[in-house]
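The values are calculated or read from the model by the stated rules, or taken from the named source; none is laboratory data. None of these values were measured; they are calculated from a predicted model. Here the Cβ positions follow ideal geometry from the backbone for every residue, glycine too, while neighbour counts run over all protein chains shown.
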Amino acid sequence: MAFANDCLDQIGTCPDNIPVICTSQDTFEKLQVKLYDMCGGTPLDLTVYDIPPGSSSSSSSSSSSSGTAPKHGVEIVLKEATQLPYSYCVMADMPTTEEAKAGTVNFTLTGRGTEKPGIFLGTAIVWEHGVARKQWPFYMDIRPRLDIYNIWNPGWPITVPEIRLSIRDTCPEVNFLIDKVEFETHEIIWAIRQPVDQWNETPPPVAPYVVTDFPFRYHWTRATVAELLRMAAIWMRRNDLDYSAGGVQVMDTKKWPDYLRLSDMLRKEWTDWMKQKKIEINLSGAYASLGGYKNNPYR
């Protein structure tokens, strides 16, 4: 893998990439998770943890929650943000011995597990008679439904397809030079979460949000694109190597300054807007408190 164009074909094949599980809001879809060794990338053999095939999600969940028996099996846990309590958890099941050996588990989220659209942090925890042995992180992407009113965010969160459309990275056929999508789904999800984290960490600490209820969709999209362009620019700069092949000069990573320049422009646009918006929210809180409301502004 000496040349940059060879590396382009390998993006997204690393064993420690965070996988993405996608479903729809308020559905009862049966989902599947494949567990891997995060270091070597080999399937995780669940039979070594005495987890039998054919274990029931419902019976495992009820026995663990009632306190009559220690947790045993694979538990799926979802959270909106790291600083919040978990949003949902359910025990998975392994229907066959072959699937258990291959690290494959199945689980079904009830309506409560998918009532909020957005991107959740997920983890699969391997329990062996009450002892947590392994954990495996993933993203849960819950796409919004048009026929359901979202009481948490009427505008609903931005989605991966919307970000792909905004940068025209929708399918490999569109990118005829690299013949693949430029950004993997887990990279887009990471970039979607970054502006919300920055919002919460930028003073003044007013109007905190999570990814499921951040309402400013236009500026959020622009900030997400900025993060993706910066990610690509860093990667291109790291792998920047011009070479000749068959008398042809190849410079397929030479666009990193253009990516970085556009990223900086969008990041500045987002940062300026964010600071102004937080000042506006803080001032509106001050007027509300003077009018008799209890939500005092940050000072």
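Would you mind stating whether ARG145 is touching a strand residue (DSSP E or B) at 6+ places or on another chain (Cβ under 7 Å) and over 16 Å from LEU228 (Cα atoms)?
When the stated conditions are applied, ARG145 passes them.
Only residues in the stretch 91-108 that are assigned to a helix (DSSP H, G or I) count as the first member; pair them with residues that are surrounded by fewer than 20 Cβ atoms within 10 Å (Cβ to Cβ), Cβ under 6 angstrom, at least 6 apart or cross-chain, and list the lot.
Close Cβ pairs satisfying both conditions: THR97/PRO53; ALA100/THR47; ALA100/PRO53; LYS101/ASP45; LYS101/THR47.
Right, ARG168: loosely packed, with under 15 Cβ neighbours inside 10 Å, part of a helix (DSSP H, G or I) and of a type in the set (D, E, K, R) or not?
So ARG168 does not fit the description; no.
From the list PRO204, PRO215, which residue is at pLDDT below 95, within 19 Å of PHE120 (Cα to Cα) and not assigned by TED's automatic domain parsing to the domain that holds CYS22?
None of the others qualify; the one that does is PRO215.
Could you run through the stretch 7-31 and say how many residues are at pLDDT below 85, surrounded by fewer than 14 Cβ atoms within 10 Å (Cβ to Cβ) and either among the polar types (S, T, N, Q) or over 26 Å from PRO43 (Cα atoms) (or both)?
2
With the requirement that a residue be part of a loop (DSSP other than H, G, I, E, B) and under 24 Å from GLU115 (Cα atoms), what does the stretch 173-217 give you?
ALA207, PRO208, TYR209, VAL210, VAL211, THR212, ASP213, PHE214, PRO215, PHE216
How many residues does the stretch 110-124 contain that are modelled with pLDDT of 85 or more, in contact with an Asp or Glu (Cβ under 8 Å, 6 or more places away or on another chain) and of a type outside the set (Lys, Arg)?
Residues that pass the stated criteria total 7.
Kindly list the number of the only condition in (1) out of contact with any Leu (no Cβ under 9 Å at 6 or more places or on another chain); (2) surrounded by fewer than 17 Cβ atoms within 10 Å (Cβ to Cβ); (3) at pLDDT below 85; (4) assigned by TED's automatic domain parsing to the domain that holds ALA100 that fails for ASP37.
(1)
Does THR253 meet the test of being at pLDDT 70 or above and either surrounded by 15 or more Cβ atoms within 10 Å (Cβ to Cβ) or part of a loop (DSSP other than H, G, I, E, B) (or both)?
So THR253 does not fit the description; no.
Considering only residues of the stretch 188-210 that are in contact with a Leu (Cβ under 9 Å, 6 or more places away or on another chain) and surrounded by 22 or more Cβ atoms within 10 Å (Cβ to Cβ), which is farthest from LYS275 (Cα to Cα)?
That would be ILE188.
Just give me the residues in the stretch 40-50 being surrounded by 12 or more Cβ atoms within 10 Å (Cβ to Cβ) and at pLDDT below 80, in sequence order.
GLY41, the sole residue that qualifies.
Given GLY122, GLY118, GLY130, which one is buried (at least 19 other Cβ atoms within 10 Å of the Cβ), touching a residue at least 12 places away in the same chain (Cβ under 8 Å) and on the phi > 0 side of the Ramachandran plot?
GLY118
Might you check whether a residue that is out of contact with any Ser or Thr (no Cβ under 8 Å at 6 or more places or on another chain), surrounded by 12 or more Cβ atoms within 10 Å (Cβ to Cβ) and modelled with pLDDT of 80 or more occurs anywhere in the stretch 59-73?
No, there is no match, as no residue in the stretch 59-73 is out of contact with any Ser or Thr (no Cβ under 8 Å at 6 or more places or on another chain), surrounded by 12 or more Cβ atoms within 10 Å (Cβ to Cβ) and modelled with pLDDT of 80 or more.
Hey, any hits in the stretch 238-250 for a residue that's assigned by TED's automatic domain parsing to the domain that holds PHE216, at pLDDT 75 or above and either in a helix (DSSP H, G or I) or charged (D, E, K, R) (or both)?
Yes, the conditions are met somewhere in the stretch 238-250.
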